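Below is one structure; the comments refer to it alone.
The values are calculated or read from the model by the stated rules, or taken from the named source; none is laboratory data. Model, not experiment: these values are computed from the prediction. Counting neighbours? That spans all protein chains shown, and the Cβs are built from the backbone with ideal geometry, glycine included. Heads up: the accessible areas ignore ligands, DNA and RNA and are worked out on the full protein's heavy atoms, side chains in. Shrake-Rupley method; radii C 1.70, N 1.55, O 1.52, S 1.80 Å.
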Amino acid sequence: MKRIAPSFLSADITRCAEQLTLLEQAGCSCLHLDIMDGHFVPNISFGPAWVKQLRAACGMTFDVHLMVEEPGFLLPAFAEAGAEICTVHAEAVRHLDRTLHQIRDLGMRPGVALNPASPLALVEEVLDLADLVLIMSVNPGFGGQKFIPNALRRLQRVAELRTAGGYDFLIEVDGGVTAGNAAQVAAAGADWLVAGSAVLGAADPAVAYATLAAAIGEEKA
Ligand code: DX5
Ligand code: ZN
């Protein structure tokens with residue numbers, strides 16, 4: 001099912017609860033939460049304590065994207081904070097099979113992410129363990145970057161792998177999604193499209209969300 005997942009990274013911290021309520025009222029059902037450690041990526045964002053507070057403030061599905069080196073130690077805290085989906089980077093985890101099992105054992109749905117330059121082969125052996133495969137369409141660390149076009153080909157190849165293997169994981173894309181490219185990105189194979197600056201960075205996030213949702217033909221839950 002096609003979905004727009006606004007990224008909290010672009011929220012206005014001084015009025016984020018109001019922004020999230022408006023998004024929910026506009027029909028938005030999932031929120032992407034970007035966790036950055038200043039090590040795997042050259043930026044720092046926020047941690048499980050914020051996620052826990054946000055959990056109490058809204059009912060959207062929480063899609064946590066960990067841009068964190070060896071995030072195993074943080075997983076229990078995100079489970080406790082109320083994350084439903086928890087995605088780790090294949091490049092940041094030494095024992096990916098173990099980590100994906102750990103996420104599921106904690107009651108979350110495991111996802112695995114790949115940077116733009118990483119071979120898809122990095123995740124091929126764990127596709128049966130993942131509920132979500134995240135194809136980065138920018139180099140992670142910052143919102144507001146330009147979409148890297150090779151993501152389209154990569155999305156198509158992941159969709160082919162899913163069909164060939166009979167898997168049912170969601171395909172997510174993250175970075176540089178706008179109203180101008182969302183339809184093309186969805187057609188390439190993305191089920192969930194993360195949008196940061198194009199939604200919560202817009203003057204009216206609810207209207208921006210509705211425009212993107214219409215562009216991909218998002219069905220209401
Ligand atoms: C980038 C993050 C993204 C980011 C996307 O490192 O993973 O989720 O918020 O922002 P935009 O949509 O502005 O590229
Ligand atoms: Zn992200």
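The figures follow:
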quantity	calculated
Some residue of region 137-149 being open to solvent by less than 50 Å² (accessible area, probe 1.4 Å) and under 12 Å from the mean Cα position of the chain (by Cα)	yes
Which numbered condition VAL138 fails, given (1) touching a residue at least 24 places away in the same chain (Cβ under 8 Å); (2) farther than 28 Å from ARG94 by Cα	(2)
Elements of type helices (runs of 4 or more DSSP H) contained in region 9-106, each with 1 or more residues being open to solvent by 20 Å² or more (accessible area, probe 1.4 Å) and within 23 Å of ALA195 (Cβ to Cβ)	16-25, 48-57
Residue list for region 107-122, restricted to those being away from ligand 1 (no atom under 16 Å from the Cβ) and either among the hydroxyl-bearing types (Ser, Thr, Tyr) or assigned to a helix (DSSP H, G or I) (or both)	ALA121, LEU122
Some residue of region 68-84 being more than 15 Å from ligand 1 (Cβ to nearest atom) and aromatic (Phe, Trp, Tyr)	yes
Neighbours by Cβ (under 7 Å, 6+ apart or cross-chain): first from region 14-33, of a type in the set (Ser, Thr, Tyr); second modelled with pLDDT under 95 and open to solvent by 40 Å² or more (accessible area, probe 1.4 Å)	SER29/ALA221
Some residue of region 181-194 being within 16 Å of ligand 2 (Cβ to nearest atom), buried (at least 16 other Cβ atoms within 10 Å of the Cβ) and polar (S, T, N, Q)	no
Members of region 120-171 found to be on the phi < 0 side of the Ramachandran plot and in contact with a Ser or Thr (Cβ under 8 Å, 6 or more places away or on another chain), listed by number	LEU132, LEU134, GLY143, PHE147, ILE148, ALA151
GLN156, sole failed condition from (1) touching a residue at least 40 places away in the same chain (Cβ under 8 Å); (2) touching a Gly at 6+ places or on another chain (Cβ under 8 Å); (3) open to solvent by 50 Å² or more (accessible area, probe 1.4 Å)	(1)
Among the residues listed as GLY143, GLY166, GLY175, the single one being within 15 Å of ligand 1 (Cβ to nearest atom) and over 20 Å from SER118 (Cβ atoms)	GLY143
Positions within region 140-153 being within 16 Å of ligand 2 (Cβ to nearest atom) and among the basic types (Lys, Arg), in sequence order	LYS146
